[in-house]
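Read through the structure below, which is laid out as structure tokens, and then see the notes.
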Amino acid sequence: MDYLKHSRRKSIPTEDNYFQIQLDKNPTPEENALEHEVKTQLYQHCLQLKEPYRNVALDYFYFERTAAEISDKTGKNLKTVQTQIYRAKAMLKKKYRKEAEL
């Protein structure tokens, strides 16, 4: 019985159109407005960071570039960019927590 329950949890949709249906979903106007608001808020928080974290945070979180792309664009070492992303993320978390407490 446990074996059957376990296998049921692992079921994977096999229909080809399942994924197409998921991709074809058009966001509602409400979802578009919420996404725009979240992106605007993220942009404002990123602008409040100090250099070099501001540019890295904007590129990584707002413009959704990879660390490798940022590294190529800026000419910085990949590990340096990854460290700056990590630190910028921590700073943004702190800003969002402060905002949530208010």
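I want to check a number: in the stretch 50-102, how many lysine pairs have alpha carbons closer than 15 Å, given a sequence separation of 8 or more or different chains? Please list the in-between numbers first.
On the way: K50/K89; K50/K93; K50/K94; K50/K95; K89/K98.
Going through the stretch 50-102 pair by pair, I get 5.
The trypsin sites (Lys or Arg not before Pro) of the stretch 40-102 that meet both conditions, a loop assignment by DSSP and at most 11 other Cβ atoms within 10 Å of the site Cβ, are K50. Dividing the convex hull volume of the alpha carbon atoms of the stretch 50-102 by its residue count gives 63 Å³ per residue.
Which GluC sites (Glu not before Pro) does the stretch 44-102 hold that lie in a coil by DSSP with at most 10 other beta carbons within 10 Å? Numbers along the way, then the final one.
Values: sites: E64, E69, E99, E101; in loops: E64.
Answer in residue order: E64.
Taken together, the values in this text are just the output of simple stated rules run on the coordinates, not laboratory data. Everything quoted here is computed from the prediction, not taken from an experiment. Positions of Cβ are backbone-derived with ideal geometry, glycine not excepted, and every protein chain shown enters the neighbour counts.
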